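The block underneath contains the structure these notes are about, expressed in structure tokens.
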Amino acid sequence: MLDFINSKTGAFAAISTVVALAYALWRFWTEYQKREADKVDADKKRSLAAQGLAIADVHLSALDPAANACRLQFVVTNMGSAQHIMSTLRLHVTARREIDTSAPSVTMAPLNVHQHRVCLLPDKDVYDIRERVFDKDNPPLTLAHAETEAFVVKLVSEETMRFVFYVEVGWYAAAEPGRTGTGRTDSLEVAFPKRISVGPMQGSLGT
């Protein structure tokens, strides 16, 4: 045996065996790393594809100086990698209570009509912000990856009341209608006090 190892032929064979083993181990390790990397990449893609529509950049304006109304603004963004279709856009009231405060109300020219309008009622909790039928002339809102749509909702109330609410968007995947989800805002609060007329607005906006 020693003579075999000490011979040139034996030494070459031993070195070849070690090199072959090292190559086999290196190939196994690189293939393993590639499989793991591919798995992580696939998991990321599945995770991104599973994400849907989200509501962001929410802003609730101050009370309108001439009426019990305010503006709610937000954007809806597609956070997933696939195309998603908005199925619902609703405002949910989660709490309400009467208030006994008052606020001055000035006289102004008629306000512009906003894109959407919701009249909050003392006995209704869920409101369809869009409130329209999806048909060929008015299709559902479809958002591609990273696409954003802005919304302005005029909130009004005929009651002197404080409302706590949130907005929820429902969606389904364009390529997989069975895959659905929702996104929502944090809770928001708006108060509609009793208004006491003080005449026309003073300053540059007055007439």
Query raised in the report: Under a plain spin-label model, where a point goes 7 Å from the Cα along Cα-to-Cβ, how far apart in nm are HIS145 and ARG27?
Result: 3.5
Query raised in the report: Given a 1.4 Å probe and the protein chains all in place, what does the accessible area of ARG90 round to, in Å² to the nearest 10?
Result: 90
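The values are calculated or read from the model by the stated rules, or taken from the named source; none is laboratory data. Everything numeric in this text was worked out from a predicted model, so none of it was measured. Quick reminder, even Gly has a Cβ in these numbers, built from the backbone with ideal geometry, and neighbours come from all protein chains shown. Side chains are part of the model used for accessible areas, which takes the heavy atoms of the whole protein and leaves out ligands, DNA and RNA. Shrake-Rupley method; radii C 1.70, N 1.55, O 1.52, S 1.80 Å.
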